[in-house]
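This report concerns only the one structure given below.
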Amino acid sequence: MTPKSGSRPAISPYVLLLLTMCFWSGNGVISKAVVAGVPPAALVFWSWVIGVIALSPFALPHVWARRDLVVRHGLKLVLIGVLGMNLFYHLFYNALTFTTAINATLISTILPAVIVGLSWLLYREAISWRAALGSAIAFAGVVVVIVRGDLAVLASFGFNSGDLLMVLAVLAWALYTVLLRHAPPALDPLALLWVFAVAGVIVNGAIYASEVFSPMAFALSWGDAAMIAYVAIFPSVLALVFYNAGVKALGPGIAGQFLYLTPILTAILAVVFLGESFELFHLVSLVVIVVGLYLATTQSNSLRSVIAKIRSVVG
């Protein structure tokens with residue numbers, strides 16, 4: 001149901017971004033398993049084919065209703081979508097075939113800072129001391145969980161070709177996030193994602209057929225099919241609908257700070273679904289990340305504003 005003019009959104013953008021991070025946390029675990037049996041180019045292509053099919057019944061009425069906007073801004077939307085639907089996903093999944101999960105996670109933690117930096121570089125978006133301090137604190141919390149409370153892990157950290165691909169993936173996603181401000185505000189989020197996804201399927205299809213990254217043929221098991229379906233619906237379609245809405249409501253700088261939650265949420269999912277133990281460093285990391293996140297996203301020093309924000313998250 002479309003909210004009435006002037007009314008508050010049905011769901012808080014903070015909740016939408018939190019759900020997005022939950023979906024992407026699950027994707028980090030599942031995708032590492034998928035790329036062992038499914039070529040990255042195939043995973044990107046088929047997951048978005050499924051995504052477009054699932055999205056079309058809901059998005060097409062909005063696309064048709066504002067087809068004037070789609071036509072007028074078509075080239076711009078395609079270029080923005082290629083960064084998110086094509087370049088990022090190809091770089092991310094190919095990086096996972098060459099690097100470890102810990103390396104990929106550690107590199108991805110620079111993403112919020114890159115988003116803030118690009119926002120300033122391209123649009124001179126102001127960076128407050130609270131945002132800078134909160135971002136630094138949240139980053140420290142992420143490092144705690146990645147090294148499992150043992151700083152000696154950093155001493156053995158080394159770079160490889162997969163790490164370089166991950167750095168490029170971070171740059172692609174940061175640029176996609178910053179450029180979302182150029183999407184027409186009157187275009188429904190579902191319609192916007194549909195345009196991105198269709199353009200992405202076309203480009204991904206050309207890349208997949210060219211076999212530049214990997215051969216087209218692969219053996220598909222029922223387990224692989226289920227994981228591809230998960231990647232298509234949750235970390236792709238739903239996550240991007242929520243993420244785009246969050247960026248539109250809060251701006252790229254604030255929305256990007258939520259990416260610091262991904263490592264700790266991944267650890268929590270491992271505890272719940274894989275039976276791994278919840279250690280003290282997980283709790284320390286969670287507290288530090290939440291403190292940093294609220295510093296970075298709270299525009300006022302008043303306690304009232306913080307309480308209001310907490311209420312918006314919990315409903």
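Read-outs throughout are calculated quantities, based only on the coordinates presented, and are distinct from any laboratory measurement. What you see is a predicted model; the values in this text were computed from it and never measured. Quick reminder, even Gly has a Cβ in these numbers, built from the backbone with ideal geometry, and neighbours come from all protein chains shown.
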If the label point sits 7 Å along Cα→Cβ of Trp64, residues of the range 193-219 with amide N under 15 Å come out as none
A correct Karplus calculation of ³J(HN,Hα) over the range 285-293, with 6.51 cos²θ - 1.76 cosθ + 1.60, θ = phi - 60°, whole Hz and x for Gly and Pro, returns 4, 4, 4, 5, 5, 4, 4, x, 4
Simple spin-label estimate for Trp120/Ile11, 7 Å along Cα→Cβ, in nm, reads 3.3
